[in-house]
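The structure appears right after this line, and notes come after that.
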Amino acid sequence: MTDIKDLTLDELRNEMSALGEPPYRAVQAFTRLYKRGALCFDQFAEFPKPLREKMAGRFAIGRLELEGVFEARDQTRKYLFRLADGEFIESVLITSSSRQTVCLSTQVGCKFGCVFCASGRRGFVRDLTPSEITGQVLYLRDILEIGLTNVVFMGMGEPLDNLLNLEKAVRILNAPEGLGLAARRMTVSTSGLVPGIERLGAMGLPINLSISLHAPTDAQRNRLMPVNKKYPLVVLLRAGEEYRTKGGRMITFEYVLLAGVNDTAGDAERLARIVRRLRAKVNLIPFSPIPGLEFAPPSEAAQLRFLQALEKGGARATLRQSKGKDIQAACGQLAGRAR
Ligand code: SAH
Ligand code: SF4
(Lines give C-alpha, C1' and ligand atoms only; values in the text may rest on other atoms or scores of the structure.)
(Ligands and ions follow the chains in the order given, each with its own letter.)
Protein backbone atom coordinates (compact mmCIF):
# COMPACT_ATOMS: atom_id res chain seq x y z
CA MET A 1 0.00 0.00 0.00
CA THR A 2 1.27 3.50 -0.80
CA ASP A 3 2.36 5.55 2.18
CA ILE A 4 0.45 8.81 1.81
CA LYS A 5 3.53 10.69 3.02
CA ASP A 6 5.47 9.51 -0.02
CA LEU A 7 3.33 11.86 -2.13
CA THR A 8 3.98 15.50 -2.89
CA LEU A 9 1.04 17.87 -2.77
CA ASP A 10 0.67 17.72 -6.56
CA GLU A 11 0.70 13.93 -6.53
CA LEU A 12 -1.87 13.85 -3.76
CA ARG A 13 -4.11 16.22 -5.73
CA ASN A 14 -4.04 13.71 -8.59
CA GLU A 15 -4.80 10.85 -6.24
CA MET A 16 -7.75 12.73 -4.77
CA SER A 17 -9.18 13.49 -8.15
CA ALA A 18 -8.83 9.78 -9.04
CA LEU A 19 -11.03 9.18 -5.99
CA GLY A 20 -13.51 11.70 -7.40
CA GLU A 21 -12.63 14.31 -4.77
CA PRO A 22 -11.90 18.01 -5.26
CA PRO A 23 -8.24 19.15 -5.11
CA TYR A 24 -8.69 21.08 -1.84
CA ARG A 25 -8.94 17.72 -0.08
CA ALA A 26 -5.23 17.27 -0.78
CA VAL A 27 -4.45 20.52 1.04
CA GLN A 28 -6.63 19.45 3.95
CA ALA A 29 -4.87 16.10 4.09
CA PHE A 30 -1.44 17.78 3.99
CA THR A 31 -2.44 20.08 6.83
CA ARG A 32 -3.58 17.12 8.91
CA LEU A 33 -0.43 15.13 8.21
CA TYR A 34 2.21 17.82 8.49
CA LYS A 35 0.75 20.60 10.60
CA ARG A 36 -1.23 18.45 13.02
CA GLY A 37 0.87 15.30 12.91
CA ALA A 38 -2.08 12.98 12.19
CA LEU A 39 -1.19 9.30 12.57
CA CYS A 40 -4.44 7.79 11.26
CA PHE A 41 -7.27 8.78 8.94
CA ASP A 42 -9.75 8.99 11.83
CA GLN A 43 -7.99 12.22 12.74
CA PHE A 44 -8.98 13.77 9.38
CA ALA A 45 -11.92 15.51 11.07
CA GLU A 46 -13.15 17.44 8.04
CA PHE A 47 -13.31 14.30 5.87
CA PRO A 48 -16.69 12.53 5.82
CA LYS A 49 -16.49 9.03 7.27
CA PRO A 50 -16.86 7.16 3.95
CA LEU A 51 -13.98 9.18 2.51
CA ARG A 52 -11.82 8.45 5.54
CA GLU A 53 -12.53 4.77 5.03
CA LYS A 54 -11.76 5.00 1.35
CA MET A 55 -8.44 6.70 2.18
CA ALA A 56 -7.59 4.05 4.75
CA GLY A 57 -8.24 1.36 2.14
CA ARG A 58 -5.87 3.02 -0.28
CA PHE A 59 -3.08 4.55 1.79
CA ALA A 60 -1.01 3.79 4.85
CA ILE A 61 0.39 6.44 7.20
CA GLY A 62 3.81 5.17 8.15
CA ARG A 63 6.07 6.43 10.89
CA LEU A 64 9.56 5.83 12.12
CA GLU A 65 10.22 4.00 15.35
CA LEU A 66 12.80 5.40 17.70
CA GLU A 67 15.22 2.71 18.78
CA GLY A 68 17.63 4.80 20.81
CA VAL A 69 18.92 8.28 21.64
CA PHE A 70 22.55 9.03 22.40
CA GLU A 71 23.69 12.33 23.85
CA ALA A 72 27.23 13.59 23.42
CA ARG A 73 29.15 15.73 25.90
CA ASP A 74 28.72 18.71 23.56
CA GLN A 75 24.92 18.13 23.61
CA THR A 76 24.78 16.79 20.09
CA ARG A 77 22.16 14.05 19.99
CA LYS A 78 21.97 11.05 17.74
CA TYR A 79 18.66 9.32 17.09
CA LEU A 80 18.63 5.74 15.90
CA PHE A 81 15.44 4.90 14.00
CA ARG A 82 14.11 1.55 12.91
CA LEU A 83 12.38 1.44 9.53
CA ALA A 84 9.38 -0.71 8.68
CA ASP A 85 11.58 -3.40 7.09
CA GLY A 86 13.88 -3.57 10.11
CA GLU A 87 16.74 -1.47 8.69
CA PHE A 88 18.24 1.27 10.83
CA ILE A 89 19.10 4.88 10.09
CA GLU A 90 20.47 7.71 12.14
CA SER A 91 19.71 11.42 12.41
CA VAL A 92 21.79 13.93 14.33
CA LEU A 93 20.56 17.04 16.13
CA ILE A 94 23.12 19.80 16.45
CA THR A 95 22.25 22.65 18.74
CA SER A 96 23.90 26.07 18.78
CA SER A 97 22.81 29.34 20.34
CA SER A 98 20.88 30.38 17.25
CA ARG A 99 19.99 27.13 15.48
CA GLN A 100 18.64 23.65 15.90
CA THR A 101 19.89 21.74 12.90
CA VAL A 102 18.93 18.21 12.03
CA CYS A 103 21.28 16.15 9.87
CA LEU A 104 19.24 13.66 7.84
CA SER A 105 20.08 10.31 6.32
CA THR A 106 18.94 9.70 2.75
CA GLN A 107 20.02 6.07 2.23
CA VAL A 108 20.79 3.00 4.32
CA GLY A 109 24.54 2.76 3.81
CA CYS A 110 26.26 4.31 0.81
CA LYS A 111 27.66 2.92 -2.43
CA PHE A 112 30.37 5.53 -3.05
CA GLY A 113 33.06 4.03 -0.87
CA CYS A 114 35.03 7.10 0.23
CA VAL A 115 37.92 5.54 2.08
CA PHE A 116 37.63 7.69 5.24
CA CYS A 117 33.87 7.24 5.82
CA ALA A 118 31.97 4.75 7.99
CA SER A 119 28.84 4.92 5.83
CA GLY A 120 30.93 4.10 2.77
CA ARG A 121 32.60 1.17 4.47
CA ARG A 122 29.26 -0.27 5.38
CA GLY A 123 28.22 -0.53 1.74
CA PHE A 124 24.85 0.22 0.21
CA VAL A 125 21.60 -1.33 1.39
CA ARG A 126 18.81 0.80 -0.07
CA ASP A 127 17.40 4.24 -0.78
CA LEU A 128 15.14 5.90 1.74
CA THR A 129 11.61 6.75 0.61
CA PRO A 130 10.38 10.36 0.78
CA SER A 131 8.37 9.56 3.93
CA GLU A 132 11.43 8.01 5.60
CA ILE A 133 13.41 11.16 4.86
CA THR A 134 10.73 13.61 6.04
CA GLY A 135 9.81 11.20 8.87
CA GLN A 136 13.10 12.06 10.60
CA VAL A 137 12.06 15.71 10.72
CA LEU A 138 8.49 14.90 11.76
CA TYR A 139 9.61 12.67 14.60
CA LEU A 140 11.88 15.32 16.08
CA ARG A 141 9.40 18.13 15.57
CA ASP A 142 6.11 16.48 16.51
CA ILE A 143 6.94 13.69 18.88
CA LEU A 144 9.98 15.15 20.63
CA GLU A 145 8.72 18.74 20.18
CA ILE A 146 12.04 20.14 19.04
CA GLY A 147 11.87 23.49 17.25
CA LEU A 148 14.02 22.81 14.22
CA THR A 149 15.41 25.73 12.25
CA ASN A 150 17.67 24.04 9.68
CA VAL A 151 17.90 20.79 7.78
CA VAL A 152 21.10 19.39 6.30
CA PHE A 153 21.21 16.31 4.09
CA MET A 154 24.57 15.15 5.41
CA GLY A 155 23.79 11.96 7.29
CA MET A 156 24.16 8.44 5.99
CA GLY A 157 24.04 8.08 2.22
CA GLU A 158 24.55 10.21 -0.87
CA PRO A 159 21.48 12.45 -1.31
CA LEU A 160 22.04 13.04 -5.01
CA ASP A 161 22.11 9.28 -5.64
CA ASN A 162 18.49 9.17 -4.41
CA LEU A 163 17.38 12.17 -6.38
CA LEU A 164 13.74 11.48 -7.02
CA ASN A 165 12.98 10.75 -3.38
CA LEU A 166 15.19 13.61 -2.19
CA GLU A 167 13.36 15.98 -4.48
CA LYS A 168 9.96 14.85 -3.22
CA ALA A 169 11.10 15.10 0.39
CA VAL A 170 12.44 18.61 -0.22
CA ARG A 171 9.14 19.66 -1.79
CA ILE A 172 7.12 18.27 1.12
CA LEU A 173 9.42 19.92 3.68
CA ASN A 174 9.26 23.18 1.74
CA ALA A 175 5.51 23.35 0.95
CA PRO A 176 3.70 25.96 3.05
CA GLU A 177 0.92 23.37 3.41
CA GLY A 178 3.55 20.79 4.45
CA LEU A 179 6.36 21.47 6.93
CA GLY A 180 6.86 25.01 5.64
CA LEU A 181 10.64 24.96 5.90
CA ALA A 182 12.41 27.55 3.72
CA ALA A 183 14.74 26.11 1.07
CA ARG A 184 17.39 28.60 2.23
CA ARG A 185 17.48 26.66 5.49
CA MET A 186 18.23 23.40 3.73
CA THR A 187 21.66 22.18 2.63
CA VAL A 188 22.41 19.22 0.41
CA SER A 189 25.87 17.73 0.69
CA THR A 190 27.29 15.69 -2.16
CA SER A 191 30.46 13.79 -2.88
CA GLY A 192 30.24 15.23 -6.39
CA LEU A 193 27.52 13.64 -8.51
CA VAL A 194 27.44 16.10 -11.38
CA PRO A 195 24.09 15.14 -12.97
CA GLY A 196 22.52 15.38 -9.51
CA ILE A 197 23.95 18.87 -8.97
CA GLU A 198 22.46 19.94 -12.29
CA ARG A 199 19.11 18.43 -11.42
CA LEU A 200 19.10 20.08 -8.00
CA GLY A 201 19.77 23.40 -9.72
CA ALA A 202 16.89 22.79 -12.12
CA MET A 203 14.50 22.43 -9.18
CA GLY A 204 14.64 26.19 -8.92
CA LEU A 205 14.71 26.29 -5.12
CA PRO A 206 17.42 28.25 -3.30
CA ILE A 207 18.82 25.18 -1.55
CA ASN A 208 22.40 25.46 -0.29
CA LEU A 209 24.89 23.14 -1.94
CA SER A 210 27.83 21.72 -0.10
CA ILE A 211 30.47 19.84 -2.09
CA SER A 212 32.66 17.33 -0.28
CA LEU A 213 35.96 18.16 -1.95
CA HIS A 214 38.60 16.74 0.42
CA ALA A 215 41.45 17.06 -2.07
CA PRO A 216 42.64 19.79 -4.44
CA THR A 217 43.99 17.51 -7.21
CA ASP A 218 42.52 14.61 -9.17
CA ALA A 219 45.36 12.29 -8.19
CA GLN A 220 44.67 12.78 -4.47
CA ARG A 221 40.91 12.83 -4.86
CA ASN A 222 40.90 9.60 -6.90
CA ARG A 223 42.59 7.84 -4.01
CA LEU A 224 40.14 9.14 -1.40
CA MET A 225 36.88 9.24 -3.33
CA PRO A 226 36.33 6.74 -6.16
CA VAL A 227 33.50 8.95 -7.50
CA ASN A 228 36.17 11.37 -8.72
CA LYS A 229 37.13 8.93 -11.49
CA LYS A 230 33.67 9.40 -12.96
CA TYR A 231 33.33 13.13 -12.31
CA PRO A 232 36.82 14.65 -12.08
CA LEU A 233 37.51 18.06 -10.60
CA VAL A 234 37.19 20.08 -13.78
CA VAL A 235 33.68 18.74 -14.41
CA LEU A 236 32.66 18.93 -10.76
CA LEU A 237 33.86 22.50 -10.31
CA ARG A 238 32.12 23.58 -13.47
CA ALA A 239 28.84 22.16 -12.14
CA GLY A 240 29.43 23.92 -8.83
CA GLU A 241 30.12 27.21 -10.58
CA GLU A 242 26.95 26.85 -12.59
CA TYR A 243 24.88 26.08 -9.51
CA ARG A 244 26.16 29.27 -7.93
CA THR A 245 25.69 31.56 -10.90
CA LYS A 246 22.29 30.24 -12.02
CA GLY A 247 20.78 29.78 -8.58
CA GLY A 248 22.50 32.71 -6.90
CA ARG A 249 23.46 30.52 -3.94
CA MET A 250 26.93 30.39 -2.53
CA ILE A 251 28.69 27.03 -2.55
CA THR A 252 30.42 25.54 0.46
CA PHE A 253 33.22 23.01 0.24
CA GLU A 254 33.79 20.44 2.92
CA TYR A 255 37.41 19.39 3.41
CA VAL A 256 38.27 16.57 5.80
CA LEU A 257 41.76 17.12 7.14
CA LEU A 258 43.78 13.90 7.02
CA ALA A 259 47.29 14.03 8.48
CA GLY A 260 49.94 13.48 5.83
CA VAL A 261 47.36 12.99 3.08
CA ASN A 262 45.85 16.36 2.14
CA ASP A 263 47.23 18.83 4.67
CA THR A 264 50.45 20.26 3.23
CA ALA A 265 51.13 23.93 2.51
CA GLY A 266 50.89 23.11 -1.19
CA ASP A 267 47.45 21.54 -0.66
CA ALA A 268 46.29 24.70 1.13
CA GLU A 269 47.55 26.85 -1.72
CA ARG A 270 45.80 24.75 -4.39
CA LEU A 271 42.62 24.57 -2.33
CA ALA A 272 42.62 28.34 -1.80
CA ARG A 273 42.79 28.83 -5.55
CA ILE A 274 39.71 26.64 -6.10
CA VAL A 275 37.75 28.29 -3.30
CA ARG A 276 38.58 31.77 -4.58
CA ARG A 277 37.72 30.94 -8.15
CA LEU A 278 34.25 29.68 -7.18
CA ARG A 279 33.75 32.48 -4.66
CA ALA A 280 32.96 29.75 -2.21
CA LYS A 281 33.91 29.10 1.36
CA VAL A 282 35.46 26.00 2.83
CA ASN A 283 34.72 24.18 6.06
CA LEU A 284 37.69 22.28 7.35
CA ILE A 285 36.68 19.20 9.30
CA PRO A 286 39.40 17.33 11.17
CA PHE A 287 39.00 13.62 10.43
CA SER A 288 36.69 11.86 12.92
CA PRO A 289 38.20 8.52 13.90
CA ILE A 290 36.52 5.41 12.50
CA PRO A 291 37.37 2.04 14.05
CA GLY A 292 39.61 0.07 11.72
CA LEU A 293 40.77 3.08 9.68
CA GLU A 294 44.39 4.16 9.66
CA PHE A 295 43.79 7.87 9.04
CA ALA A 296 44.35 10.49 11.72
CA PRO A 297 43.52 14.17 12.01
CA PRO A 298 46.46 16.59 11.91
CA SER A 299 47.55 18.10 15.24
CA GLU A 300 45.67 21.20 16.32
CA ALA A 301 48.65 23.34 15.47
CA ALA A 302 48.76 21.84 11.96
CA GLN A 303 45.02 22.41 11.53
CA LEU A 304 45.45 26.06 12.42
CA ARG A 305 48.42 26.39 10.09
CA PHE A 306 46.31 24.99 7.24
CA LEU A 307 43.50 27.41 8.06
CA GLN A 308 45.88 30.36 8.11
CA ALA A 309 47.45 29.29 4.81
CA LEU A 310 44.00 29.25 3.23
CA GLU A 311 43.17 32.67 4.57
CA LYS A 312 46.49 33.97 3.36
CA GLY A 313 45.60 32.57 -0.05
CA GLY A 314 42.44 34.67 -0.03
CA ALA A 315 39.96 31.88 0.72
CA ARG A 316 37.08 32.16 3.14
CA ALA A 317 37.53 29.28 5.53
CA THR A 318 36.38 27.97 8.88
CA LEU A 319 37.78 25.21 11.02
CA ARG A 320 34.89 23.20 12.36
CA GLN A 321 35.15 20.79 15.19
CA SER A 322 32.80 18.05 14.11
CA LYS A 323 30.31 17.55 16.92
CA GLY A 324 29.21 14.41 18.69
CA LYS A 325 32.42 12.39 18.37
CA ASP A 326 32.02 10.49 21.63
CA ILE A 327 28.72 8.98 20.42
CA GLN A 328 29.85 8.23 16.86
CA ALA A 329 27.59 11.01 15.55
CA ALA A 330 30.27 13.16 13.94
CA CYS A 331 30.68 13.63 10.19
CA GLY A 332 31.28 10.32 8.50
CA GLN A 333 30.73 8.22 11.61
CA LEU A 334 27.14 7.20 10.88
CA ALA A 335 26.74 3.61 9.88
CA GLY A 336 23.28 2.76 11.17
CA ARG A 337 23.36 -0.67 12.66
CA ALA A 338 23.24 -4.08 11.16
CA ARG A 339 19.85 -5.72 11.53
N1 SAH B 1 27.38 11.60 0.91
C2 SAH B 1 27.37 12.99 1.16
C3 SAH B 1 26.75 13.40 2.46
C4 SAH B 1 27.07 12.57 3.70
S5 SAH B 1 28.68 12.60 4.34
C6 SAH B 1 28.77 13.56 1.02
O7 SAH B 1 29.71 12.79 0.95
O8 SAH B 1 28.87 14.78 0.96
C9 SAH B 1 28.78 14.13 5.26
C10 SAH B 1 30.19 14.72 5.31
O11 SAH B 1 31.04 13.99 6.22
C12 SAH B 1 30.89 14.70 3.97
O13 SAH B 1 31.54 15.92 3.73
C14 SAH B 1 31.90 13.59 4.19
O15 SAH B 1 32.95 13.63 3.31
C16 SAH B 1 32.30 13.82 5.60
N17 SAH B 1 33.02 12.69 6.22
C18 SAH B 1 32.96 11.39 5.87
N19 SAH B 1 33.76 10.65 6.67
C20 SAH B 1 34.34 11.51 7.55
C21 SAH B 1 35.24 11.35 8.65
N22 SAH B 1 35.68 10.16 9.02
N23 SAH B 1 35.62 12.45 9.33
C24 SAH B 1 35.12 13.67 9.00
N25 SAH B 1 34.25 13.88 8.00
C26 SAH B 1 33.87 12.81 7.28
FE1 SF4 C 1 29.04 8.06 0.85
FE2 SF4 C 1 29.38 10.64 1.51
FE3 SF4 C 1 30.49 8.64 2.97
FE4 SF4 C 1 31.42 9.17 0.54
S5 SF4 C 1 31.47 10.54 2.34
S6 SF4 C 1 31.01 7.13 1.37
S7 SF4 C 1 29.57 9.70 -0.53
S8 SF4 C 1 28.31 9.07 2.74
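Structure notes:
- Peptides 190-199, 1-10 ordered by average Cβ neighbours within 10 Å, highest first: 190-199, 1-10
- Relative contact order (%) - criterion: Cα under 8 Å, at least six apart; region: segment 1-75: 36
- Arg99-Ala302 FRET efficiency (beta carbon distance; Förster radius 25 Å; 0.05 resolution): 0.30
- Within the assembled protein chains, the solvent-accessible surface assigned to Glu53 is about 110 Å², based on a 1.4 Å probe.
- Relative packing of 303-311, 288-296, which averages over residues the other C-beta atoms within 10 Å, highest first: 303-311, 288-296
- Segment 96-231: antiparallel DSSP beta bridges as a percent of all, rounded to 5: 25
- Computed magnitude of the charge dipole of segment 65-327 (debye, nearest 20; Cβ of K, R +1, Cβ of D, E -1): 1020
- Rolling a 1.4 angstrom probe over the protein heavy atoms with all chains in place gives segment 170-240 an accessible area of 36 Å² per residue.
- Entry comment: accessible area of segment 2-60 is 49 Å² per residue, from protein heavy atoms only and a probe of 1.4 Å.
- Cross-link reach list, lysines versus Lys312, counting only Cα pairs under 26 Å and skipping chain neighbours closer than eight places: Lys281
- Taking amide H as placed 1.01 Å from N in the peptide plane, the amide H of Ala317 sits under 5 Å from that of Val282, each at least 5 places away or on another chain.
- Among beta bridges from DSSP that stay inside segment 65-327, the antiparallel ones total about 45%.
- Where a label projected 7 Å from the Cα of Glu46 along Cα→Cβ would reach, residues of segment 16-31 with amide N under 14 Å: 22-31
- 0 to 90° range, to nearest 10: angle between helix 300-312 axis and the chain longest Cα axis: 90
- Under 15 Å from the Ala182 label point (7 Å along Cα→beta-carbon), backbone N, segment 190-215: 205-208
- Among the protein heavy atoms of segment 65-327, carbon and sulfur supply 50% of the accessible surface, probe 1.4 Å, non-protein parts ignored.
- Where no second cysteine Cβ lies under 4.7 Å, the cysteines concerned in the chain: Cys40, Cys103, Cys110, Cys331
- Bridgeable lysines around Lys229 (alpha carbons under 17 Å apart, same-chain partners fewer than 8 residues away excluded): Lys111.
- Ellipticity estimate at 222 nm from DSSP helix runs (n ≥ 4, -39,500 (n - 2.57)) divided over the chain, nearest 500: -9500 deg cm²/dmol
- Three-way shape label, segment 2-60, alpha-carbon gyration tensor, a/c 1.5: rounded
- Put simply, when 29-35, 328-334, 219-225 are sorted by average Cβ atoms within 10 angstrom per residue, most first, you get 328-334, 29-35, 219-225.
- Between 0 and 90°, nearest 10: helix 163-174 axis offset from the chain longest Cα axis: 70
- Measuring r between the beta carbons of Ile146 and Glu198 and using R0 = 35 Å, the FRET efficiency lands at 0.55.
The values are calculated or read from the model by the stated rules, or taken from the named source; none is laboratory data. It should be emphasised that the depicted structure is a prediction, and the values quoted were computed from it without experimental measurement. Note: ideal-geometry Cβ built from the backbone for every residue, glycine included; neighbour counts use all protein chains shown. Accessible surface is based on the protein model in full, side chains and every heavy atom, while ligands, DNA and RNA are left aside. Shrake-Rupley method; radii C 1.70, N 1.55, O 1.52, S 1.80 Å.
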